[in-house]
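Everything below concerns the one structure shown next.
The values are calculated or read from the model by the stated rules, or taken from the named source; none is laboratory data. The shown structure was predicted, so the numbers you read here are calculated from the model rather than taken from an experiment. Please note: Cβ atoms are built from the backbone with ideal geometry, for glycine as well, and neighbour counts cover all protein chains shown. We work out accessible area using only protein heavy atoms, side chains counted, and drop any ligands, DNA or RNA first. Shrake-Rupley method; radii C 1.70, N 1.55, O 1.52, S 1.80 Å.
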Amino acid sequence: MHPVSRLSHRLELRELAAEDVDAVLGIYGDPKATEHLSFEPRSRDQVQQIVDRSMASAVIQPRNEFALGVIERGTGALVGFGRLAMDPHQPRAATFGFALRPSAWGLGYGAELVALLLGLAFDDLGLHRVWGARSPLNEASARTMAKVGMVEEGRIREHIEKAGVWRDSVVHSILEREWDSQRHMYDLSIENDRT
């Protein structure tokens, strides 16, 4: 499935392009934006590698990773990054992650972004289960995932080592039938390209 383009009222998920490096650096290079992520802020060279790898993985068949830019439709600005990766250990399952530029926080974009990723997972890819993990301190992420119907499953102890310190992760998931009962809350039907 390439290229991906999914739209909601305010956001668009689209494939990353070479010119997105600086915008992605504005997220992955920002200490505030990466505070609760599993890694330290990235350098420009590291972000360049992420974008290059994302573009290369987009054309591999079968495709097992969707690393996508999140575009604010009103301005055309890249304000976030979303990732959906097939889970090799579970049939019809994927892990996901997301990040927004701090200037886009507090606008409700998180739930809209997660809903777009879940629409891709369930509606386009026919998956059964999607799950993600967050820092126990990231209450905003917990609220975002709960808002779209994800269920907190439990804690993975000392799952992430960041800056030399081990950190737990809290797992959230949603099943296809649960998404079916939530999708009506999100305007995801606008011109979605499912090719």
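Considering only the range 79-86, I want to know if a residue exists there that is aromatic (Phe, Trp, Tyr) and closer than 17 Å to residue 134 by Cα. Among the residues of the range 79-86, at least one is aromatic (Phe, Trp, Tyr) and closer than 17 Å to residue 134 by Cα, which makes the answer yes.
Count of the range 162-195 residues, restricted to those that are surrounded by fewer than 15 Cβ atoms within 10 Å (Cβ to Cβ), at pLDDT 90 or above and of a type in the set (Val, Ile, Thr), is 1. Being open to solvent by 40 Å² or more (accessible area, probe 1.4 Å), modelled with pLDDT under 95 and not in a helix (DSSP H, G or I): is that true of residue 159 here? In short, yes. On inspection, residue 103 passes the criterion of being among the small types (Gly, Ala, Ser) and under 23 Å from residue 13 (Cα atoms).
From 142, 115, 121, grab the single residue that is within 17 Å of the chain's Cα centre (by Cα), more than 25 Å from residue 16 (Cβ to Cβ) and assigned to a helix (DSSP H, G or I). Steps first, please.
On the way: 115 fails: more than 25 Å from residue 16 (Cβ to Cβ); 121 fails: more than 25 Å from residue 16 (Cβ to Cβ).
Being within 17 Å of the chain's Cα centre (by Cα), more than 25 Å from residue 16 (Cβ to Cβ) and assigned to a helix (DSSP H, G or I) holds for just one of 142, 115, 121, which is 142.
Looking only at the range 1-42, which residues are small (Gly, Ala, Ser) and either part of a loop (DSSP other than H, G, I, E, B) or touching a residue at least 40 places away in the same chain (Cβ under 8 Å) (or both)?
Going through the range 1-42, the residues small (Gly, Ala, Ser) turn out to be 5, 8, 17-18, 23, 26, 29, 33, 38.
Once the filter is applied, which keeps residues that are small (Gly, Ala, Ser) and either part of a loop (DSSP other than H, G, I, E, B) or touching a residue at least 40 places away in the same chain (Cβ under 8 Å) (or both), the range 1-42 yields 5, 8, 17, 23, 26, 29, 33, 38.
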